[in-house]
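All remarks here apply to the structure that follows.
No value in this document is a laboratory result; all are computed from the given coordinates. Being a predicted model, the structure only gives us computed values, none of them experimental. Methodologically, a virtual Cβ is constructed for each residue, glycine included, from the backbone with ideal geometry; neighbour enumeration extends over all protein chains shown.
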Amino acid sequence: MTVTIEQNTSAMDSERDPAEKIALARADYPGARKWTYANAAQLGVLSEASRAAIASVVDGQVSGDAIKDDWWALAASAKSRFARLINAREAEIAYTKNVSEGLNIIANAIPWCEGDNVVLCPELEHPNNVYAWLNLKKRGVEVRLMPGRNGDIDVGPMIEAIDSRTRVVTVSTVTFTPGFRTDIVALGKACRERDVFFLVDAVQSTGVLETNVEDALIDGLATSSAKGLLGIGGLGFLYCRSAWIGRLEPAYLARFSVDVPGAHESEMSGEDYDLMADARRFEVGNYNWAGIAAVDASLERLLELGPEHIEAHVVGLATDLAQGLGELGLPVTSPPAERPRSHIVTVGTLSARGAQATNDQRLDDIARHLKAERVKFSIRRGLLRFAFHLYNNGEDVERIVTLAREALAKG
């Protein structure tokens, strides 16, 4: 009887349209019901399924019943699912602690020579994708810092800056603020033609916007699990294209990085060793098992709902919010006309700093009112920043606009 019910339920789920599936998924995210939660760019909401997965790992260690072989199977599952999410292969995926570690792994594995250079746009990158490269200047690496244009990473000048000594070009797929998509396809093509490693910080796109490393000609991708992947902190993924893995030498080495066929993880092969032929050469030490359990559960849902459907959902919400706030006369930022909006909506004037307040009294009044009314959002570089995920709906958009209107009326 139970099997019949499960089969019928599964059949019903397969018949539902994508929008209905996404709407139903909201029920598994308590934080999205407790708050008007529009802060996925800072931290995603954890699902009940991910919490149960974490509890299973923790409870096993509390009781002493944990079997590490089961954890290895879990790690393989999450890697495989993440690879599917970005159209990569499991062998091209390594576990990291966070985005910063992934970026630094690549930055320090490139075979640099004095006089080589890296190209990036610092004013629109998160500091973690700037300091990793500035740190290389002491090794004689030239860091070519390209300007942005009206809040957008202008890839044209970046491509022009590439020369015979360029080893890496790095950008965010979506900037953390103002939240515009980067033309990564154009950059990827230019880098592939010149044999330059194209590295992206994809923490603001993976899990929430469709990300395809093959189509975009990406060589390396770093992300964490705590934002769009809807996991917890302390875990990340690094993708490295198979054609590059053998060309990179990791700066740090541990047992997981070394190929010792048929041996236990505690056993050595001697002083002579071979690195893992796949992305595991970049892994150092044991994993964040609870983090892997959480993200494995969330990846299962992301794949089930479909990245393309999640993207359509969140971009629709972002478009509606941008329109609603714009109709109130607020300075909503707009991406270049040739590129679609992301899931992030920012309001205000972009500045070099500002994570506590804007330089606009109206926006500060709105921010205070939103916080008082249990709306989760963030302020970055002087901009109010709202970011949606699969658990958001039109009611969230309407509430933010209504509260903003109230704050303006009071002011």
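Before moving on, here are some points about what is shown:
- For Glu398 and Glu123, the difference between the fully extended length at 0.36 nm per residue and the C-alpha to C-alpha distance is 95.8 nm.
- 19 Å reach of a label modelled at Lys371, 7 Å along Cα-to-Cβ, counting backbone N of region 43-65: 43
- Annotation: aspartates and glutamates with alpha-carbon distance below 15 angstrom to Lys137 (same-chain offsets under eight excluded): Glu114, Asp116.
- Scanning the chain for chymotrypsin sites (Phe, Trp or Tyr not before Pro) lying in DSSP loops with no more than 14 further Cβ atoms inside 10 Å, the longest uninterrupted stretch between such sites is 1-251.
- Sites matching GluC sites (Glu not before Pro) across region 347-408 that sit in DSSP coil, with at most 15 neighbouring C-beta atoms within 10 Å: Glu373
- Inverse mean reciprocal Cα-Cα distance (Kirkwood Rh) of region 109-230, Å: 14.5
- Neighbour cut-off at most 10 other Cβ (10 Å), DSSP loop, trypsin sites (Lys or Arg not before Pro), region 331-380: Arg353
- Values of log10 I(q)/I(0) for region 209-313 across q = 0.10, 0.16, 0.18, 0.19 Å⁻¹ run -0.38, -0.88, -1.03, -1.09, by the Debye formula with one identical scatterer at each alpha carbon and no solvent.
- Computed from the Kirkwood radius of its Cα pairs, the Stokes-Einstein diffusion coefficient for the chain at 20 °C and 1.002 mPa s stands at 95 µm²/s.
- Low-density loop cleavage sites - GluC sites (Glu not before Pro) in region 303-351, where at most 13 other Cβ are within 10 Å (DSSP): Glu327, Glu338
- Placing a pseudo-label 7 Å from each Cα along the Cα-to-Cβ vector at Ala357 and Asp215 gives an inter-label distance of 4.4 nm.
- Over region 68-302, relative contact order from alpha-carbon pairs under 8 Å, at least 6 apart, %: 26
- For region 207-306, the relative contact order works out to 29 percent when only alpha carbon pairs closer than 8 Å and six or more residues apart are counted.
- Length-normalised contact order for the chain - Cα pairs under 8 Å, 6+ apart - percent: 23
- Three-way shape label, region 153-219, alpha-carbon gyration tensor, a/c 1.5: prolate
- Sequence of Cys191, Cys240 once ranked by neighbouring C-beta atoms within 10 Å, starting from the fewest: Cys191, Cys240
- Three-way shape label, region 21-153, alpha-carbon gyration tensor, a/c 1.5: oblate
- Global form of region 192-232, assessed from the alpha-carbon gyration tensor, a/c cut-off 1.5: prolate
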